[in-house]
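The values are calculated or read from the model by the stated rules, or taken from the named source; none is laboratory data. If you're wondering where the values come from, they're calculated on a predicted model, not measured in any experiment. Here the Cβ positions follow ideal geometry from the backbone for every residue, glycine too, while neighbour counts run over all protein chains shown.
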């Protein structure tokens, strides 16, 4: 092929590509702005302070995206918006322009906060992009506690209703999972508002309260600080906690985990949603990302949007009937 013919062929291919793009634009498939997305940094809103578990996940993904510009296509800025049990941050995600430049992530507190009437929106008010891993949850007690097993805890709550004290953060999953347990096991716990994990931990180990919900990483991290796991709400026993039974093993049919749920404002164009979902899938397939997530005590799997919506629907269906009990805080 001569040089002139090669030039003509390249020009023909370029014109064909341009015509195809113009056809897609004309047909309404994508807009010019979407075709060039992203042209500026994508903002990730994290509804917690910097340094926590949620923030750590955001930073891992931020580093991946900036180190692999082919995945997302631009810079990423993490913005921490803590306060009001995560509702300040999630409201900011909901109210942002649906242009793909503001996304964020949270956990099932999105559902429980709505169930409690703290906010007037839940997962149906967002575009759900999937989950970048999840953490398994369990009950933890002090190593000096009189309740050294899940059975002894349940037996005490059954024999003396409203006396076994659970340190909690009202309206969030750490409140609703024990309610689910109580509902299934036919026992009544006494709930004490304490706050986040960093506050629940000293409350439990100092035995101001009897137990609380913690994640698998917290059990591993605080194993030498008098925190003992007595049950996990996973489908099967965890490799890092092989001696800790699951609730199912103990006859309590509760399985619950904390997903790292990615959200975009409602109305974000489908082409941009797919771009973001594809980027998240690519990040979660990266061995280095998987390793960093595992060190956080998380299962480093990507949960697809459709599967995640089904999980969130289940949370909504399960949590709503428990609201009356959730409001009876002592």
Answer yes or no: is there a residue in the range 72-82 that is out of contact with any strand residue (DSSP E or B) (no Cβ under 6 Å at 6 or more places or on another chain) and crowded, with 21+ Cβ neighbours inside 10 Å. yes
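To keep it simple, each residue is scored yes or no on (1) closer than 26 Å to residue 200 by Cβ; (2) outside the structural domain of residue 178 (by TED's automatic domain parsing).
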| residue | (1), (2) |
| --- | --- |
| 57 | yes, yes |
| 61 | no, yes |
| 64 | no, yes |
| 67 | no, yes |
| 76 | no, yes |
| 113 | yes, yes |
| 144 | yes, no |
Within the range 177-190, is there a residue that is surrounded by 23 or more Cβ atoms within 10 Å (Cβ to Cβ) and modelled with pLDDT under 95? no
Unmet criterion (only one of (1) farther than 26 Å from residue 296 by Cα; (2) surrounded by 18 or more Cβ atoms within 10 Å (Cβ to Cβ)) for residue 97: (2)
Could you tell me how many of the residues in the range 281-305 are without any contact (Cβ under 8 Å) to a residue 24 or more places away in the chain and in contact with a strand residue (DSSP E or B) (Cβ under 9 Å, 6 or more places away or on another chain)? 4
Taking the range 223-248 on its own, how many of its residues are out of contact with any strand residue (DSSP E or B) (no Cβ under 8 Å at 6 or more places or on another chain) and over 21 Å from residue 314 (Cβ atoms)? 7
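Anything in the range 147-176 that is free of Cβ contacts under 8 Å to residues at least 24 places away in the same chain and either in a loop (DSSP other than H, G, I, E, B) or in contact with a strand residue (DSSP E or B) (Cβ under 7 Å, 6 or more places away or on another chain) (or both)? List them, or say none.
The answer is 160, and nothing else.
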Of the candidates 96, 114, 92, 77, the one satisfying the condition of being over 23 Å from residue 276 (Cα atoms) and more than 14 Å from the chain's Cα centre (by Cα) is 114
From the set of residues in the range 30-48 that are in a loop (DSSP other than H, G, I, E, B) and loosely packed, with under 14 Cβ neighbours inside 10 Å, which is modelled with the lowest pLDDT? 36
